[in-house]
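Inspection log for the structure reproduced underneath, given as structure tokens.
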Amino acid sequence: QVQLVESGGGLVQAGGSLSLSCAASGTAFSFANTGWYRQAPGKQRELVALFPTSGITNYANSVKGRFTVSRDNAKNTVYLQMNALKPEDTAVYYCYLETWDKRQFWGQGTQVTVSS
């Protein structure tokens, strides 16, 4: 059973920073594609950043230059460092993992709120 446990998030003022972590279990993490999505109230879930097994990261245009996705295969963990946060970054952030055999899993979600 694949499980993703997120931590981090919270409330921060605009311009501040937050860090998210997602610990995975139940799968061969080093062979999994990972990343982060977010969903704001009344909006669809959208891609924030991906860190696939290729190591070639991909970011939404809205977060390029401000967010950094990373992973530690030894710890089965993917991270999202968020800097220069804006009120429009307010959303529930979800960890994402796609296993080697293309099964997709989501974390429980963590709230990020950026006040102006």
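The values are calculated or read from the model by the stated rules, or taken from the named source; none is laboratory data. This is a predicted model, so every value here is computed, not measured. A quick note on method: Cβ atoms are made from the backbone with ideal geometry, for glycine too, and the neighbour counts reach across all protein chains shown. Only protein heavy atoms, including side chains, enter the accessible area calculation; ligands, DNA and RNA are left aside. Shrake-Rupley method; radii C 1.70, N 1.55, O 1.52, S 1.80 Å.
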For the stretch 77-103 the number of residues that are of a type in the set (S, T, N, Q) and open to solvent by 40 Å² or more (accessible area, probe 1.4 Å) is 2
Could you run through the stretch 48-92 and say how many residues are in contact (Cβ under 8 Å) with a residue 60 or more places away in the chain, among the basic types (Lys, Arg) and out of contact with any Lys or Arg (no Cβ under 9 Å at 6 or more places or on another chain)?
-> 0
Within the stretch 93-116, the residues that are assigned to a strand (DSSP E or B) and either more than 14 Å from Val12 (Cα to Cα) or more than 12 Å from the chain's Cα centre (by Cα) (or both) are Tyr93, Tyr94, Cys95, Tyr96, Leu97, Glu98, Gln104, Phe105, Trp106, Thr113, Val114, Ser115
Could you please find all residues in the stretch 93-116 being on the phi > 0 side of the Ramachandran plot and without any contact (Cβ under 8 Å) to a residue 12 or more places away in the chain?
-> Lys102
Scan (1) closer than 17 Å to Ser21 by Cβ; (2) loosely packed, with under 14 Cβ neighbours inside 10 Å; (3) not charged (D, E, K, R) for the single condition Phe67 breaks and write down its number.
-> (2)
With the first residue restricted to the stretch 10-33 and required to be among the hydroxyl-bearing types (Ser, Thr, Tyr), and the second required to be not in a strand (DSSP E or B), Cβ contacts under 7 Å at 6 or more apart or on different chains are Ser17/Asn83; Ser17/Leu85; Ser25/Asn76; Thr27/Val2; Thr27/Thr99; Ser30/Asn73
